[in-house]
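These notes are about the structure you will find just below.
The values are calculated or read from the model by the stated rules, or taken from the named source; none is laboratory data. Owing to the predicted nature of the structure, the values given are computational and were not obtained by experimental measurement. We place every Cβ from the backbone using ideal geometry, glycine too, and count neighbours over all the protein chains shown. Just the protein is used for accessible areas: all its heavy atoms, side chains included, with ligands, DNA and RNA removed. Shrake-Rupley method; radii C 1.70, N 1.55, O 1.52, S 1.80 Å.
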Amino acid sequence: MTRGSHRGELLPGFLTWTSLALLACLVLIAVLVIASLRVVPEGERLVVSRLGGPPAVRGPGRTLVVPGIDRGVRVPLRWGPLDLWLEAPTRDGVLLRLRAVALISVSDPARHALRPVPEAAAISVLAEGRLRRHVAERHLNELGDLLPGRTHPLAADLDAAVAEWGLKVTALEVVRADVPLPALRRWLTGEAAR
């Protein structure tokens, strides 16, 4: 064989420069696809914004997020239960000690990912304030909706308050409602005098 027949080969009879470049491109494409592949679990969603455009919600399952072009934010759909402890006076001056539980979930993953979401403590303060106002506007004998084991109708009001963050209050239940004995005694003597 002459030397001229091997000019386009890197190694004689093995690889040409063209085939080496093609192999490098294939390896680069495979690495890019593997780096782009994301697996979104059932309890999460992936909010993807491409080059600053409108967000798209993806998941559960496999999805592609192109590095450098797409920005992905994982959003868990479930929050843990919020324990609420508060003391609130009723309209007739009786102090109630309440323990309530609020169940919160993510209803709009795109809004939740793009808006600054407050910590659970801030949402607890919001829920406690709404519950405290509900108690303060009623007399003790009007608070039958606070009985333990019933979903509180205030959940819809709280749901509207947290909707701007893409959250939804699925339940608000008063677990325990206590009236201190001296406060109950004063209330009973006041009711008997009427």
Given backbone amide H placed at 1.01 Å from N, residues whose amide H is under 5 Å from that of residue 16, ignoring those fewer than 5 places away on the same chain, are 10
Given backbone amide H placed at 1.01 Å from N, residues whose amide H is under 5 Å from that of residue 65, ignoring those fewer than 5 places away on the same chain, are 37, 38
For residue 95, the residues 5 or more places away or on another chain with a placed amide H closer than 5 Å to its own amide H are 90
With label points set 7 Å from each Cα along the Cα-to-Cβ direction at residue 25 and residue 176, the distance between them in nm comes to 7.0 nm
Carbon/sulfur accessible area of the range 33-157, % of total, 1.4 Å probe, equals 55 percent
For residue 139 the rounded accessible area (nearest 10 Å², probe 1.4 Å, non-protein molecules ignored) is 50 Å²
For the range 57-121, dividing by residue count, accessible area per residue (probe 1.4 Å) in Å² works out to 57 Å²
